[in-house]
Structure formats: structure tokens, C-alpha cells
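Everything below concerns the one structure shown next.
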Amino acid sequence: MILKVKKVSSIGGIVKAPPSKSYTHRAIIIASLAEGVSNLYDPLSSEDTLASLNACKYFGAEVDTSNFNPLANNPNLNNFWKIKGVDGSKDLENSSKEPIDLKNSGTTLRIMTSVAGLSKNRTIFTGDDSLKTRPMGLLLEALKPLGGNAKSLAKNGKPPIAIEPGFIGGETFIDGSVSSQFISSILIAGAISKKGINLQVKGDFISKPYVAMTLDVMEKFGIEIESDLFTKHENCDLEDKKCSSTTFSIKPQKYKATDYTIEGDYSSASYLLGTLAVLGGKIVVKNLFEASKQGDKLILEILEKMGAKIELKSDSVTLSSDGKLYGIDVDLHNAPDLLPTVSALGALANGKTTITGVKHARYKETDRIAKCAEELAKLGCEVTEKEDGMEIIGGINLEKSDSNRVTSHDDHRLAMAFTLIALKHDILIENGAVFNVSFPNFIEAMAEIGVELDLFEESSI
């Protein structure tokens, strides 16, 4: 499918941010492991989160979605999933005799790999071609001291992953430089294992806010945790960044069912906010919380430095812009999902934008550093790829390009980020429908602020 901007008019207004994908994943899995019935209000129903929901069903969770209305304005009214958990502190059992297809959801794969180790029978997780490129080796090694027995069937440290019974908890360590999801995986399963968990994260601990989000959900479901996650250690280079080690200790416990409301997603909201920053005008985005632990909240600071005016309230963000953006230097170490958005904004800004700290973005749905640089270069933008980021000289010049096309590489964040460029330049985005992975009502939300997007088959051009 091809995605393009069809029409722009009456820019601005009030729009609700979509629910957080990261929080929805965690709430689904933990509610499924809890004792009792939980209501998850305002969940994100997307391809990725449905992969988690479906996987949890195989392990005994009972899910009722009959009261779900994704268009409800009031998140506490007729807009929830009811999940009856299985009490994961007891024996779990995977009911699937076949490999469980997780589609493109790396979060589901990584978190559920540890959870599946609690099952009393074998589990195999697989997925699409993109998921089969996701590195899993560090997690598989870290599970061994905990009784975990998981292996790559392709013998390359990547999916499909076969998980045998045996996860009982205990002590282990892991390198924090590849994926924070490995840490979240061990913590979520370790809390209800027979021995509990003592986990040490060594080296450069990337994306700490995502682990903070995990702890936040675990605590809401009744788990007590000891951690020095955000403590300034003697041997740290920078707070919240490079550190010699971080520790987590959780005694064996049970998840307790609760009613839980999913907050808005700052990463998805970055496309809405970015639209007004690029075109000029004013927008109010509701369901974005000032006290949020999301690392992607950094988008507010980024847009402000690039020239927009930001007003943050307890549960909403207001952005005003004259449409003039300026290049900045930004470290996305704790917010790698913002890379496509910031690279697109940098291509539209005056001056140079330097993005650093995101080497781990090479291990997302695609190598986001390489692919963002590749696609921007197609549009005549001067971009230099670095090991941990890129340098972008603002300016799109289609006269230097043989084509006005870019491709998403089947990455939802690239598809949505390139629409920011399409606001001012007549470009086509190939494989554009992939936004369904995280923001299924992306087209409707953009229409609410005055941008009409067109999604059509290649053959209709």
C-alpha cells in the first residue's frame, strides 16, 4: 500500500493521543499472570499488542473484549478489556501444540520468552521475517542460571525460539547495551518464580525508562521491588546512562488483579505534535501525562529546542509553532523510538541536526539508523550515517533525486515519520499501511488536525 498526504487544511485543534503500546503490552501480560480479574481501560488494540493478547490466551488467560470501544472519548466508559489471569505463580501450561506466531512484535517475543519458561511444557515462538532478525542471545544466556532452557532453533541467536520448562529464578546478570526488553522479561517472570529474582545489569544500560515503565506496572499489580535503577552510583559516567551495574531484587510473590488505565503514548503523539511543528499552528494533545515515565516524553524538549512552544499540563500537551524549525544536537539514548521522527524533523529544519546515542536502534523492526539515512538520501537530503546515529543537513531536494518515493521497510515508525516530510513535499511512502502495528487510527487522528492522508494500492497510481 502507498501512503501520501492528500490534503492539508484548517491545521490544529484538539486530539487524543493513542494509548501507549509499551504500557499495553506490559499490562496485558501481567494481568494474564495475575490472580483474579483485571480490567484494562483504554488499551491499544494494534497488531503488536494483539500478539501479546493472543499469546497469553495460549497460557490460560481468559480475555473478554466485548466492552471495548476504541473510539470512546472517556477511557473509563465502555472501553476496556477484561482479563481473567491464571495466577502465574502456579504452574503455567502452554495449550498450543504448534509454534506461536507473534507476527512482528519484538516486545511480545522478548517478554514472553521468560514467561514461557514458567510453563510445565514446551513453547516455540516464531514470527514474520523481521521478527526473525531480532537478537535474543543475551537473554537466552541470562536465563540459564535461573533454570531457563531456551534456544534458537535457527542456531543464530534469533527466532524461532524454543523454550523448555525449568525457570525457577535465582541470581543472574545481563549486559544492558542491546535491549531493555531483556531486563523487563526477566523481571516480569522472575517475580512469580519459585526463588524470585536477583538481577544485575552490567555495562551501558540503554533505554532505562522502559524498565521503569515495567516496574511501574508490576507495582500497580502488587509486586514489591528493590532496585537502584535511578540511583547515582560511584562509578557512573552519567546519571541514567553509562553505569558499572544496576541491581534488582524481587522476592517470590503473586500478581494481584487490578483495574488499570493505559496512558497516552508519547512516541505515537510525536507525529501529531511534529505535524504542527512543521506546518505551524496550535494543537492540544490529550492523554499525555506530565508525570509519565516514558522516555519518549523527550519529544517535548526536542520540539521546544527546534523552535516550537510547549505547554505541559497534568494530562495534556499544547504545542504552538510558526513552522520554522532549527537543527539541534540530541542524544536519544533513552528514547530510541524517536529516531525516525527526529530524523524527519531534522531533514525539514534549518541547519544541522546531530543524533547520537542510538546504536541499539539498529536492532529494532529494522536497522533504523541505516534505513532512515538511506531514505532521506533518496530525497536529496544530505545525511551522514554514524555508528550510533546520524548527521542531517536540513533540506529536501527532489531535483537531486531520481524518485519521489521512500519505503517504510515494513517499519511502522518510519512510515509515520515520513508523513512529516510529505506535508511539505510531494512524496509517496511505500508499505505505508504498516502504521497499524502501533497506531491503527493514525489516518483518523491526522484528519482530526487537518491532514487528509490517502492509502491506496500501487496499481491505482
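Between residue 151 and residue 226, the modelled label-to-label distance comes to 3.6 nm, taking each label 7 Å out from Cα in the direction of the beta carbon.
Of the solvent-accessible surface of the stretch 326-455, computed with a 1.4 Å probe over protein heavy atoms with every protein chain present, carbon and sulfur atoms account for 41 percent. When the chain is fully extended, how far beyond the present Cα-Cα distance does residue 129 get from residue 202, taking 0.36 nm per residue of separation? Separation in residues times 0.36 nm, less the Cα-Cα distance, equals 23.2 nm.
Rounded to the nearest 0.05, the FRET efficiency derived from the C-beta distance between residue 164 and residue 363 at R0 = 30 Å is 0.75.
Each Lys and Arg adds +1 at its Cβ and each Asp and Glu adds -1 at its Cβ; summed about the Cα centre, the chain shows a dipole of about 740 debye.
Report summary: the helix-based calculation at 222 nm, which adds -39500 (n - 2.57) for every DSSP H run with n ≥ 4 and divides by the residues of the chain, gives -8500 deg cm²/dmol. Annotation: for a label point projected 7 angstrom from Cα along Cα→Cβ of residue 93, residues of the stretch 53-67 with backbone N closer than 13 Å are 59-61. Under a 5 Å amide H cut-off, with hydrogens placed 1.01 Å from N, residue 316 pairs with 288, 290 among residues at least 5 apart or on other chains.
Close amide-amide hydrogen proximity is noted between residue 350 and 325, 326, 327, each under 5 Å apart and 5 or more residues distant or on a separate chain (H modeled in the peptide plane; Pro and chain starts excluded). A DSSP coil position with no more than 15 other Cβ atoms inside 10 Å describes the following trypsin sites (Lys or Arg not before Pro) in the stretch 367-461: 424. Among 356, 161, 13, which residue has its Cα positioned farthest towards the positive end of the charge dipole of the chain, with +1 placed on the Cβ of Lys and Arg, -1 on the Cβ of Asp and Glu, and the dipole taken about the Cα centre? Highest projection toward the positive end goes to 161. Computed over the Cα atoms of the chain, the ratio of the radius of gyration to the Kirkwood radius (Rg/Rh) comes to 0.96. Would you work out if the stretch 1-47 is rounded, prolate or oblate? Take a ≥ b ≥ c from the square roots of the eigenvalues of the alpha-carbon gyration tensor; rounded if a/c is under 1.5, else prolate when a/b is larger than b/c, oblate otherwise. Prolate shape, in that a/c is at least 1.5 and a/b is the bigger ratio. Normalised per residue, the accessible area of the chain is 38 Å², obtained with a 1.4 Å probe and no contribution from ligands, DNA or RNA. Please report the spacing between the Cα centers of the stretch 20-60 and the stretch 137-176 in Å, no decimals. Cα centroid to Cα centroid, the span is 23 Å.
For the stretch 383-396, the Karplus equation 6.51 cos²θ - 1.76 cosθ + 1.60, evaluated at θ = phi - 60°, returns couplings of 9, 10, 7, 10, 4, 10, x, 6, 10, 10, 8, x, x, 9 Hz by residue, with Gly and Pro reported as x.
Candidates 308, 127, 403 compared by Cα position along the dipole of the chain: farthest toward the positive end lies 127, with charges placed on Cβ.
The calculated FRET efficiency for the pair residue 57 and residue 219, based on their C-beta separation and a Förster distance of 25 Å, comes to about 0.50. What you get for the stretch 393-450, charging only the Cβ of Lys and Arg (+1) and of Asp and Glu (-1), is a dipole of about 140 debye around the Cα centre. Which FRET efficiency value, to the nearest 0.05, is calculated for residue 388 and residue 245 with the Förster distance at 22 angstrom and r the Cβ-Cβ distance? Once rounded, the FRET efficiency stands at 0.50. Ligands, DNA and RNA left out, the 1.4 Å accessible surface of the stretch 162-320 is 46% carbon and sulfur atoms. Charged side chains reduced to their Cβ positions (Lys and Arg at +1, Asp and Glu at -1) give the stretch 85-145 a dipole of some 120 debye around its Cα centre. Within a Cβ distance under 9 Å of residue 431, other residues only, what is the Lys/Arg minus Asp/Glu net charge? Neighbour charge sum, excluding residue 431 itself: -3.
Here the Karplus relation 6.51 cos²θ - 1.76 cosθ + 1.60, evaluated at θ = phi - 60°, turns the backbone of the stretch 84-93 into coupling constants of 8, x, 10, 6, x, 6, 9, 5, 8, 9 Hz, with x for every Gly and Pro.
Sparsely packed loop sites in the stretch 314-422 (the GluC sites (Glu not before Pro) outside DSSP H, G, I, E and B with at most 13 other Cβ atoms within 10 Å) comprise 387.
In this label model, residue 14 and residue 458 are separated by 4.4 nm, measuring between points 7 Å along each Cα→Cβ vector. Using the Cβ of residue 186 as centre and a radius below 12 Å, the other residues enclosed give a net charge of 0, where K and R count +1 and D and E count -1. Could you tell me how many degrees, from 0 to 90 and to the nearest 10, lie between the Cα long axis of helix 21-33 and the main elongation axis, the longest principal axis, of the Cα atoms of the chain? With rounding to tens, the tilt is 20 degrees.
For residue 89, the residues 5 or more places off, or on other chains, whose built amide H falls under 5 Å of its own are 255.
The values are calculated or read from the model by the stated rules, or taken from the named source; none is laboratory data. Everything numeric in this text was worked out from a predicted model, so none of it was measured. We place every Cβ from the backbone using ideal geometry, glycine too, and count neighbours over all the protein chains shown. Just the protein is used for accessible areas: all its heavy atoms, side chains included, with ligands, DNA and RNA removed. Shrake-Rupley method; radii C 1.70, N 1.55, O 1.52, S 1.80 Å.
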